[in-house]
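The values are calculated or read from the model by the stated rules, or taken from the named source; none is laboratory data. This is a predicted model, so every value here is computed, not measured. Positions of Cβ are generated from backbone atoms using ideal geometry, with glycine treated the same way; all protein chains shown enter the neighbour counts. Keep in mind that these areas ignore ligands, DNA and RNA; they rest on the heavy atoms of the full protein, side chains included. Shrake-Rupley method; radii C 1.70, N 1.55, O 1.52, S 1.80 Å.
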Amino acid sequence: MVKLALVQLLVSSNKQQNLKRAATLIKEAANKGANIVVLPECFNSPYGIQYFEEYAEELHGETARALSAMAKESNVYLIGGSFPEIQFGKYYNTCTIWNRVGELIGTHRKVHLFDIDIPGKITFQESKVLSPGNELTLVDTEHGTIGVGICYDIRFPEMAMIAARKGAFAMIYPGAFNTTTGPLHWELLQRARAVDNQMFVAACSPARDTSATYHAWGHSTVVDPMGKVLATTEESEAIVEAELDIEEMKNARTSIPVSFQRRFDLYKNVAE
Ligand SMILES: NC(=O)CC(=O)C(=O)O
């Protein structure tokens, strides 16, 4: 059994306040027994291309140091949401992952940038400021291997499939869907990735701030390997907790053995 907690943080424009509140809620989750804690996408700054340059930090800057201390003080694995990172003049949307003694065990730079245009609803062009990461991310923990993606990455099923085939028991996505795409796709995509790959899937959103320029959907959710929602919430600040039973993953894979029934002989030209 692994206890997972998603911290659906109400993110403000005050970085110090966001770091402090994250530390408080991580401690609260740890006190309730969480082994792995997740923060949302852009947990230390408002989400929007107009904010990335102002809030950006180098990988080992103030936010990373704070995250390392939070993991260590609360004695948890911490999937540290994401923050705008700057390296050699380029900006990335980056998740850092920490072990129980505060060591960095992985980083994921959002691979698929959120560039969409739904007329009359939402236009968002991360690529105007950000560069994409170029690596898929798996981290090894004492609870097993975990795959990490950020938000829009969940729309690309290959990432979760590769993680599952490399032995990950869970795919975790700090994310910030919005009030247009959230009701349509947020839960659907998590359940789809879970059932496709017979693994746990979780996505952690910021809470909704209706005074912000971007209205996050909230609804941080954990899904089991059969595609069932184990835990979820609405749009306010909350901690979403779920016990992940690895036996359930084994049972799902034994009873519906799709991973052995795949016909890779027929799909090999999928990238053409
Ligand atoms: N914010 C994102 O990266 C993605 C999103 O909101 C969506 O895919 O919808």
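Quick one: in the stretch 80-99, which of the residues that are touching a residue at least 40 places away in the same chain (Cβ under 8 Å), crowded, with 17+ Cβ neighbours inside 10 Å and more than 16 Å from the ligand (Cβ to nearest atom) is nearest to the chain's Cα centre (by Cα)?
Among them, the one singled out is G80.
What residue, among those in the stretch 158-207 that are touching a helix residue (DSSP H, G or I) at 6+ places or on another chain (Cβ under 8 Å) and part of a strand (DSSP E or B), is farthest from the ligand (Cβ to nearest atom)?
Per the stated criteria, the residue is F169.
Return the residues of the stretch 108-123 that are surrounded by fewer than 20 Cβ atoms within 10 Å (Cβ to Cβ) and under 18 Å from I154 (Cβ atoms); say none if nothing qualifies.
If the condition is that a residue be surrounded by fewer than 20 Cβ atoms within 10 Å (Cβ to Cβ) and under 18 Å from I154 (Cβ atoms), then V111, H112, D115, I116, I118, I122 are the ones that fit.
Which residue out of S68, S12, S45 is part of a loop (DSSP other than H, G, I, E, B), free of Cβ contacts under 8 Å to residues at least 40 places away in the same chain and either hydroxyl-bearing (S, T, Y) or closer than 23 Å to S131 by Cβ (or both)? It would help to see each step written out before you state the result.
Numbers: S68 fails: part of a loop (DSSP other than H, G, I, E, B); S12 fails: free of Cβ contacts under 8 Å to residues at least 40 places away in the same chain.
Being part of a loop (DSSP other than H, G, I, E, B), free of Cβ contacts under 8 Å to residues at least 40 places away in the same chain and either hydroxyl-bearing (S, T, Y) or closer than 23 Å to S131 by Cβ (or both) holds for just one of S68, S12, S45, which is S45.
Between a residue in the stretch 240-260 that is within 25 Å of S205 (Cβ to Cβ) and any residue that is open to solvent by 50 Å² or more (accessible area, probe 1.4 Å), which pairs come within a Cβ distance under 6 Å, given they are 6 or more apart or on different chains?
Short answer, once both residue conditions are applied: A242/L230; E243/M1; D245/M1.
Looking at the stretch 17-46 only, could you name the residues that are open to solvent by 40 Å² or more (accessible area, probe 1.4 Å) and in contact with an Asp or Glu (Cβ under 9 Å, 6 or more places away or on another chain)? Working first, answer last.
First pass over the stretch 17-46, keeping only residues open to solvent by 40 Å² or more (accessible area, probe 1.4 Å): 17, 20-21, 24, 27-28, 31-32, 35.
Within the stretch 17-46, R21, K27, K32, N35 meet the criteria.
Collect the residues in the stretch 100-115 that are in a strand (DSSP E or B) and touching a residue at least 24 places away in the same chain (Cβ under 8 Å), keeping them in residue-number order. Break it down stepwise before answering.
We begin by selecting, within the stretch 100-115, every residue in a strand (DSSP E or B); these are 104-109, 115.
If the condition is that a residue be in a strand (DSSP E or B) and touching a residue at least 24 places away in the same chain (Cβ under 8 Å), then L104, I105, G106, T107, H108, R109 are the ones that fit.
Since P257 meets every condition but one in (1) open to solvent by less than 60 Å² (accessible area, probe 1.4 Å); (2) closer than 23 Å to K27 by Cβ, which condition does it not meet?
With respect to (1) open to solvent by less than 60 Å² (accessible area, probe 1.4 Å); (2) closer than 23 Å to K27 by Cβ, P257 is out only on (2).
Scan the stretch 100-130 for residues that are in contact with a strand residue (DSSP E or B) (Cβ under 7 Å, 6 or more places away or on another chain), of a type in the set (G, A, S) and away from the ligand (no atom under 15 Å from the Cβ) and jot them down.
First pass over the stretch 100-130, keeping only residues in contact with a strand residue (DSSP E or B) (Cβ under 7 Å, 6 or more places away or on another chain): 100, 104-110, 113-117, 122-127, 129-130.
Those still in the list that are of a type in the set (G, A, S) too: 106, 127.
Within the stretch 100-130, just G106 meets the criteria.
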